[in-house]
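These notes are about the structure you will find just below.
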Amino acid sequence: MPPRRVVKKVGKVPAAAIADAINEDLGRRVKKLRGDRGWSLEELASASGVSRSMLSEIERQRANPTLSVTYRIARAFGLSLQDLLESADSASSIQTIRATDRAQIFRKDKQCQIRTLSPLNLEKDVEFYELRLPLNGALRSQPHVDGTREFLTVEEGEVELQSGNFSETLSKGDSATYRADVAHTIVNSGKKEAVLFLVVIYR
């Protein structure tokens, strides 16, 4: 990652320097967000309606995208324009995720609902989720990168946790930590919806 440009404050900061700093920050953010989701440039282009070549130029910090283009990219990531443009240096030390924020829903189908409880736009090596498994629902995951671990707490219901060749039954109030760099599965083994909190920690 290239170093962040520092503009020394001597009188008024030139408008061109401010624009350059914004474009650099935007390029880094778009590349990071795309990587977090495992999207190719083609997939982001399809989701946003912005051409692959333009996205490539933005990520390489060689483009000066219009407000319309930037808005479409933000929407593709489920972010507001402000969240996408806001630099890390000027961000508030408190970021709030409201219960009504639909952009935080990472997955919702018949097997499970995953809601992200950590900010989508932050660089992080820890991820925090609320997981809801309906009756007979399950979350089946392929191995993550080497050294990844998960921490699971059961808020409601009962689940069977499998990590590699090991398994454990967890009930309300129980917690477990386990390897996530092997195949792992969380299955609702109870008689009602299971509500869980899941923390993923990357090495």
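Its convex hull of Cα atoms gives segment 15-85 a direction-averaged projected area, equal to a quarter of the hull surface, of 4.1 nm². The label-point distance for Arg72 and Ile97, in a model that sets each label 7 Å from Cα toward Cβ, rounds to 2.9 nm.
Relative to the Cα centre, the charge distribution of segment 102-201, modelled as +1 at Lys and Arg Cβ and -1 at Asp and Glu Cβ, gives a dipole magnitude of about 420 debye.
The length gained on full extension between Ala176 and Phe106, counted as 0.36 nm times the residue separation minus their Cα-Cα distance, comes to 23.0 nm. Computed from the C-beta positions of Trp39 and Lys192, the FRET efficiency with R₀ = 22 Å rounds to 0.05. Ranked by the mean number of other Cβ atoms within 10 Å of their residues, highest first, the peptides 22-29, 166-173 come out as 22-29, 166-173.
Taken about its Cα centre, segment 15-85 carries a charge dipole of roughly 120 debye when the Cβ of each Lys and Arg holds +1 and the Cβ of each Asp and Glu holds -1.
All Cα-Cα distances of segment 102-201, cut into 10 Å bins from zero to the largest, leave 17, 51, 30, 3 percent in each bin in turn.
Approximating the spin labels as points 7 Å out from Cα along Cα→Cβ, the Leu135-to-Lys32 distance works out to 4.4 nm. Projecting the Cα atoms of His184, Leu139, Val199 onto the charge dipole of segment 102-201 (Cβ charges, centred on the Cα centre) puts Leu139 farthest toward the positive pole.
Since every read-out is calculated from the coordinates, none of them should be taken as a lab result. A quick note: this is a predicted structure, and the numbers were derived from the prediction, not measured. Cβ: placed from backbone, ideal geometry, glycine included. Neighbour counts: every protein chain shown.
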